[in-house]
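One structure is given below, encoded as C-alpha cells.
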Amino acid sequence: MEITWIRAALTLLVGFGLMMSLAAGMSLVERKLSAFIQERHGPNRVGPFGLLQPMADLIKFVFKEEYVPNSVNPLIYKLAPAIAAVPAMMTFAAIPFGFLDGQPLVIANINIGVLYVLAVGSLGIYGIILGGWSSNNKYSLLGGLRASAQMVSYEISLVLSLVAVIAVSGSLNMSEVVAAQDHHWNVFLQPVACLIFLVTMFAETNRHPFDFAECEPELVGGFHTEYAGMRFALFFLGEYIAMVVMSGLMAALFFGGCDVPFLDIADTPWWLGALAMLGKTAFFLLLFVWVRWTLPRFRYDQLMWLGWRVLLPLSLANLAITGLVLALLGPEGGHA
C-alpha cells in the first residue's frame, strides 16, 4: 500500500511539473519561433539566449498592480481567471504518458477517462464568459459571447470525432485507447476524425485563426481587457495549459501516445515511451505556434459556417460510416 501511494504521489508531481514546465516553456518558444518566422530578434536579454524570460514574466506578474475597475461584479471578476485555468489543469490528470511494468503512468487511470476529459475541459469556457460579463465592458462582453458561441459550435464536432475513436478502440479508458493502438495508430483508422479533431482543438483553445474571443483589432483584448497582474496571468496560463492538454490528447488518441513504431508497447522501456509521448505532444504544440504566425484570421461568419456547415455534417457522416463498418465486421473484427 505504501509503495502504491508513493508511486501515485510521484506520478502526480512529475505530471503536474511537466504540464507547468511545458506551459511556461511554450511562452518562450512562441516568442522565439515567431521572431524566427518574422526575421527579427526574440527575447535575448534575460539569461543566456533569453531562456529565463518566463521567470522574468512571472516576477513581473507577481509584482504588477492588481487593478480592479469600477462597477464590476467583484466576486465573479476575481473567480473567473481561476475557473478558466483550473479545469485545463484537471484534464491533464487522465492523459497517460507511458507504461511501467504493464501499469499506465497516469495521474488518474479512470475507466471513463475520455468522458472525464470532455466534461471537465468544457468547464473552462465558464471562466471566459464570466470574466467578460463581470468586467462591465462591452468589448469584454462581446469577447465572452463570441467564445461561448465558438465553443458550443465546435465542441459538438470534437465530441463526435472522439466517439468514432471510442467505437474503434472499444473503451473510454485513455490508457486502453493508447494500448489498442499498438502497431496501428488511430490516425490511419480514423483519418477524418483526426482532421476534425485537429481543427476543433484550435477553436476550443481560442487560438489563431479562431482567436475571436480576444480579437485585438475589434475587441481590444476581448474577455480579459480589464484584467492585469496575476489574474491576467491565470488567463494566459490557462490558454497554454489548454494547448498542452489538447496536444497530449491528439498524441494519445490518434498517434499512439507512448507507442514507438516497430516496438510493442509492453516491451518498450518506460522512459522511451515517455519520450515518444513528449515528442508527439511537442510536435502539435509547435503546430499551434506555426499556424498562429502563418495563417490569417477568419471572419466570424466563416468561423460559424465552418463549424455548422462543414465539420458537423462531416463528423456525423464519419461516425455513421464507422458504425456501419464495425457492424459489418462483427464483434470479433470490430475492435483493435
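Here are some notes:
- Residue-level analysis places residue 54 among those that are in a helix (DSSP H, G or I) and either closer than 28 Å to residue 276 by Cβ or at pLDDT 80 or above (or both).
- Long-range neighbours under 8 Å by Cβ, at least six apart or interchain, first residue more than 24 Å from residue 162 (Cβ to Cβ) and of a type outside the set (D, E, K, R) within segment 288-313, second modelled with pLDDT under 85 and in a helix (DSSP H, G or I): 300/146; 300/212
- Residue satisfying all of: in segment 117-158; of a type in the set (Ser, Thr, Tyr), without any contact (Cβ under 8 Å) to a residue 60 or more places away in the chain and in a helix (DSSP H, G or I); nearest to residue 226 (Cα to Cα) among these: 126
- Checked against (1) more than 17 Å from residue 181 (Cβ to Cβ); (2) among the hydrophobic types (A, V, I, L, M, F, W, C); (3) exposed (fewer than 15 other Cβ atoms within 10 Å of the Cβ); (4) at pLDDT below 85, residue 266 passes all but a single condition, namely (1).
- Any hit, segment 100-116, residues being closer than 22 Å to residue 226 by Cα and hydrophobic (A, V, I, L, M, F, W, C): no
- Residue under evaluation residue 46, criteria (1) without any contact (Cβ under 8 Å) to a residue 40 or more places away in the chain; (2) buried (at least 17 other Cβ atoms within 10 Å of the Cβ); (3) outside any helix (DSSP H, G or I); (4) among the β-branched types (Val, Ile, Thr), criterion not met: (2)
- The numbered conditions (1) at pLDDT below 85; (2) closer than 28 Å to residue 319 by Cα; (3) surrounded by fewer than 22 Cβ atoms within 10 Å (Cβ to Cβ) are all true for residue 102 except (2).
- Residue match in segment 187-194 (condition: assigned to a helix (DSSP H, G or I) and touching a Cys at 6+ places or on another chain (Cβ under 6 Å)): yes
The values are calculated or read from the model by the stated rules, or taken from the named source; none is laboratory data. Note that this is a predicted model, so its numbers are computed, not measured. Cβ coordinates were reconstructed from backbone atoms using ideal geometry, including for glycine residues, and neighbour counts include every protein chain displayed.
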